[in-house]
Amino acid sequence: MVSDPTMNRIADLLFEMGMLKRTPRTGYRFLGTGEESVAEHLFSTAFIGYVLAQLSQSDGKVDAFKVVRMCLFHDLPEARTGDQNYVYKKYVHVDEERAAADLTTGLPFAEEVKNLIAEFNAHKTPEALLAHDADQLALLLQLKENKDLGNRYADEWLRNNAKRLQTEVAKKLAEAIMQTDLAAWWFKEEDADWWITGK
């Protein structure tokens with residue numbers, strides 16, 4: 001079988017993407033509870049980005065697919081750099097632009113991926129603002145879970161996290177998240193018989 005260099009390069013990228021399943025988000029070390037891989041974070045961010053984009057469609061000016069793509073790719077360089085939380089970022093400079101360039105070299109869609117990451121980091125377009133807020137809301141959900149499970153430090157983190165939100169739709173969603181117990185979707189009082197009968 002003749003090797004296809006383009007497909008081989010894409011296979012490399014897929015293995016590299018797999019590293020994100022084993023790359024921990026490092027901020028939880030300081031919170032004291034919780035854990036999440038970068039891959040898990042990207043999934044949550046992409047899902048939230050889709051929701052925010054759909055809620056922002058009233059004027060038809062938001063490219064929902066672009067928001068989701070941006071959310072999926074925004075932390076891809078962390079396969080090479082690791083996750084840098086806010087404390088680490090005070091002391092360590094990470095060349096994310098170089099990591100993005102290196103990880104996309106030889107890919108037929110290299111420019112798109114680099115441009116999506118750069119646009120996300122610039123925080124200027126409507127799609128980038130929504131993707132940024134999706135990134136923050138993914139953390140906010142994790143922090144709320146930690147709070148509901150008893151971490152007393154999560155409150156301070158939640159207050160600071162909410163201040164990072166830039167769009168009105170994300171701020172409204174954050175308020176709803178803060179008012180909702182993490183188990184409310186499945187553990188409701190009116191369903192109490194289910195816990196006895198299993199039906």
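What follows is calculated from the coordinates using simple rules that are stated; it is not laboratory data. In this text, all values refer to a predicted model and were calculated from it rather than measured experimentally. As a convention, Cβ positions derive from the backbone with ideal geometry for all residues, glycine included, and neighbour counts pool all protein chains shown.
Figures for the structure shown
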read-out	value
5 angstrom amide H check on Ser37, placed H, neighbours 5+ away	Arg25
Contour excess over end-to-end distance, with Cα ends at Phe47 and Gln179 and 0.36 nm allotted per residue	45.5 nm
Spatially proximal lysines relative to Lys147 (Cα-Cα < 18 Å; intrachain offsets below 8 disregarded)	Lys163
Rg to Rh quotient for the chain, alpha carbon positions, Kirkwood Rh	1.03
Prolate/oblate/rounded label for segment 80-128 (Cα gyration tensor, a/c 1.5)	oblate
Net lengthening on full extension, Ala118/Lys61 (0.36 nm per residue, minus Cα-Cα)	18.5 nm
Residues Phe187 and Asp95, FRET efficiency given R0 of 41 Å [Cβ-Cβ distance, rounded to 0.05]	0.35
FRET efficiency, 1/(1 + (r/R0)^6) with R0 30 Å, evaluated for Ile196 and Asn160 via beta carbons	0.10
Rounded if a/c under 1.5, otherwise prolate or oblate - segment 23-140, Cα gyration tensor axes	oblate
Above-threshold pairs, the threshold being 19 Å between Cα atoms, out of Lys144/Lys172; Lys21/Lys66; Lys90/Lys144	Lys21/Lys66; Lys90/Lys144
In nm, spacing of pseudo-spin labels at Thr81 and Glu36 (7 Å Cα→C-beta vector)	1.8 nm
Residue-wise HN-Hα coupling along segment 135-148, computed from phi with Karplus coefficients 6.51, -1.76, 1.60 (Hz; x: Gly, Pro)	4, 6, 5, 4, 5, 4, 4, 5, 5, 5, 4, 4, 4, 4
